[in-house]
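The values are calculated or read from the model by the stated rules, or taken from the named source; none is laboratory data. Small disclaimer: the values here were computed from a predicted structure and weren't measured. With ideal geometry, Cβ positions are generated from the backbone for all residues, glycine too; neighbour counts draw on all protein chains shown. Ligands, DNA and RNA are excluded from the accessible area calculation, which covers all protein heavy atoms including side chains. Shrake-Rupley method; radii C 1.70, N 1.55, O 1.52, S 1.80 Å.
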Amino acid sequence: TKTVSKCYVQVTGMTCASCVANIERNLRREDGIHSILVALMAGKAEVRYNPAVIHPSAIAELIRELGFGATVLENCGEGDGVLELVVRGMTCASCVHKIESTLMKTNGVLYCSVALATNKAHIKYDPEAVGPRDVIQVIKDLGFTTSLVKKDRSASHLDHKQEIRQWKRSFVVSFVFCIPVMGLMIYMMVMNSHPSAAPAHHNASSEGREAPHSFMLLDYQLLPGLSVMNLLSFLLCVPVQVFGGWHFYIQAYRALKHSTANMDVLVVLATSIAFLYSFIILLVAMAEKAKVNPVTFFDTPPMLFVFISLGRWLEHVAKGKTSEALARLISLQATEATIVTLGPDNVLLSEEQVDVELVQRGDIVKVVPGGKFPVDGRVIEGHSMVDESLITGEAMPVTKKPGNTVIAGSINQNGSLLISATHVGADTTLSQIVKLVEEAQTSKAPIQQFADKLSGYFVPFIVAVSVVTLLAWIIIGFVDFEIVEKYFLGYSESISWAEVTIRFAFQASITVLCIACPCSLGLA
């Protein structure tokens with residue numbers, strides 16, 4: 001027998017199945033090449049050749065002459081098949097040893113490890129020499145029962161429905177409570193800007209009598225220091241803080257636990273500080289039985305939560321769309337295949353149903369009308385029309401006769417076909433497409449990685465800035481109060497200037513936190 005080596009060539013520039021056929025046809029004619037298999041999606045050619053006659057670099061050169069880009073892949077381990085099995089009936093370490101040693105003696109098995117505790121076997125093999133069914137048969141002959149580790153075909157990890165629901169709920173809750181808060185706020189603003197109305201804090205003064213009735217109502221003190229406006233705002237703010245902000249709090253807690261700071265930490269910081277500050281100021285005002293209503297920030301949390309949960313909701317809807325496409329692709333895969341044994345003159349001797357993962361290269365698979373092709377292959381016998389629209393987008397059914405290639409996942413229409421499997425398992429066109437889409441979703445653009453790195457520094461930076469703002473204004477206030485007076489309009493003469501300063505400083509620093517909240521905008 002002649003020695004046969006195997007090499008893999010990365011081929012670029014192939015656009016469709018005719019390119020594949022072109023390469024395969026031309027290279028088969030060359031001296032020293034036994035067989036060639038080209039995978040379109042993976043952009044890879046597997047060539048078996050006689051090293052005495054031809055070298056891999058010469059093979060790549062031949063492909064280049066046909067007008068494609070070709071480079072020889074050094075690590076040929078890519079062609080190894082991997083098999084995960086559940087083995088039942090093992091009792092002790094000697095059973096494990098028996099299985100491992102027998103398998104390692106089997107021609108084509110490269111590596112084998114069996115774990116007694118989990119009943120699992122992990123096997124690497126050369127698909128040219130041996131297949132999964134042969135391995136299973138060897139283990140069965142030793143007296144153990146064995147089955148494939150079932151893969152999760154449902155692609156449930158791609159489901160974003162739960163997150164979409166959760167953020168939608170969060171948004172709706174925040175929105176319902178946000179509207180009245182915004183209404184109150186706008187109303188107060190409008191009233192404050194009208195000269196006829198009293199400035200919010202001077203309701204004890206003479207002008208207060210001319211103020212419109214409703215405006216007085218909002219400022220009316222139910223208890224000393226607790227106005228209707230503040231009470232309403234507080235009551236509307238609590239549910240938002242609890243229900244709207246629930247997921248933010250969880251996420252922020254997790255982030256802080258791992259000593260990282262993400263956007264949720266900012267949101268939680270800003271809203272919690274605004275809420276707690278307002279709440280404490282209210283309590284203080286009530287304790288002091290203040291005549292003047294304190295300025296609170298109860299309008300901040302609901303509005304922030306509304307915008308951010310809306311953003312999150314839309315983001316997950318978009319993610320769901322891409323993942324849905326992937327899930328649909330995965331669902332195209334056939335789960336079972338009918339493998340037939342042929343006698344002389346292509347006479348059917350027997351057929352059996354097996355899991356798609358167990359189909360080996362070179363198997364003869366029968367596909368009935370209406371059935372899906374379980375693997376990529378070449379037609380040996382039969383004529384049919386095949387609907388490949390799910391894979392290629394070709395709307396018209398394609399005629400298949402002996403010698404034509406078929407793609408896994410496409411649907412056989414009117415004739416029964418016998419095909420010889422060429423690409424199985426993870427090498428089929430469909431698996432490659434799924435893999436490409438998954439990779440595209442998981443890989444990040446360099447700019448995105450940069451942004452992620454920035455956002456790691458962004459949060460601590462913002463917190464620092466807001467603390468600096470707070471301190472700076474307090475210092476300015478204590479050094480030169482007139483500056484604060486100039487910017488902080490409408491404060492009441494009855495409050496001490498120190499309190500005014502601290503309030504103004506707080507307002508400024510919370511504003512910094514809130515503005516920086518939608519981190520995406522900050523980073524943009």
Close pairs (8 angstrom Cβ cut-off, 6 or more residues apart or separate chains): free of Cβ contacts under 8 Å to residues at least 40 places away in the same chain and among the small types (Gly, Ala, Ser) in region 326-349, open to solvent by 60 Å² or more (accessible area, probe 1.4 Å) and in a strand (DSSP E or B) anywhere
Ala337/Gln353; Gly343/Leu349
Would you point out the residue of region 393-422, among those that are of a type outside the set (Gly, Ala, Ser) and touching a helix residue (DSSP H, G or I) at 6+ places or on another chain (Cβ under 7 Å), that is surrounded by the fewest Cβ atoms within 10 Å (Cβ to Cβ)?
Thr405
Residue selected from region 279-327 under the condition in contact with a His (Cβ under 9 Å, 6 or more places away or on another chain) and over 14 Å from Lys161 (Cα atoms), by the criterion most open to solvent (accessible area, probe 1.4 Å)
Val295
Region 55-82 - residue that is open to solvent by less than 30 Å² (accessible area, probe 1.4 Å) and modelled with pLDDT under 85 and, of those, farthest from Glu30 (Cα to Cα)
Gly81
Can you name the condition, by its number, that Cys95 falls short on among (1) at pLDDT 90 or above; (2) farther than 25 Å from Val424 by Cα; (3) buried (at least 17 other Cβ atoms within 10 Å of the Cβ)?
(1)
The condition from (1) open to solvent by less than 60 Å² (accessible area, probe 1.4 Å); (2) at pLDDT below 80; (3) assigned by the TED database to the domain that holds Val268 that Val437 misses is numbered (3)
Matching residues, region 485-496, being modelled with pLDDT of 65 or more and open to solvent by less than 30 Å² (accessible area, probe 1.4 Å)
Phe488
Starting from residues that are over 38 Å from the mean Cα position of the chain (by Cα) and exposed (fewer than 14 other Cβ atoms within 10 Å of the Cβ), keep the ones in region 83-92 and report whichever is nearest to Gly32 (Cα to Cα).
Gly89
Scan of region 98-107 for residues that are surrounded by 12 or more Cβ atoms within 10 Å (Cβ to Cβ), without any contact (Cβ under 8 Å) to a residue 40 or more places away in the chain and not in a loop (DSSP other than H, G, I, E, B), ordered by number
Glu100, Leu103, Met104
Is it the case that Glu482 is out of contact with any His (no Cβ under 8 Å at 6 or more places or on another chain), open to solvent by 60 Å² or more (accessible area, probe 1.4 Å) and at pLDDT 75 or above?
yes
Subset of region 277-298 (residues that are closer than 13 Å to Met229 by Cα and of a type in the set (Val, Ile, Thr))
Val292, Val295, Thr296
Every residue in region 9-21 that is among the polar types (S, T, N, Q) and under 11 Å from Phe68 (Cα atoms), please.
Gln10, Thr12, Thr15
Residue under question is Ile63, and the condition is that it be touching a strand residue (DSSP E or B) at 6+ places or on another chain (Cβ under 6 Å), touching a residue at least 40 places away in the same chain (Cβ under 8 Å) and of a type in the set (A, V, I, L, M); does it hold?
yes
Collect the residues in region 166-189 that are in contact (Cβ under 8 Å) with a residue 60 or more places away in the chain, out of contact with any Asp or Glu (no Cβ under 9 Å at 6 or more places or on another chain) and of a type in the set (Val, Ile, Thr), keeping them in residue-number order.
Val173
Matching residues in region 347-382 - criterion: being in contact with a helix residue (DSSP H, G or I) (Cβ under 9 Å, 6 or more places away or on another chain) and more than 17 Å from Arg133 (Cα to Cα):
Asp376, Ile380, Glu381
Within region 350-391, of all residues that are of a type in the set (Ser, Thr, Tyr) and free of Cβ contacts under 8 Å to residues at least 24 places away in the same chain, the one surrounded by the most Cβ atoms within 10 Å (Cβ to Cβ) is Ser389
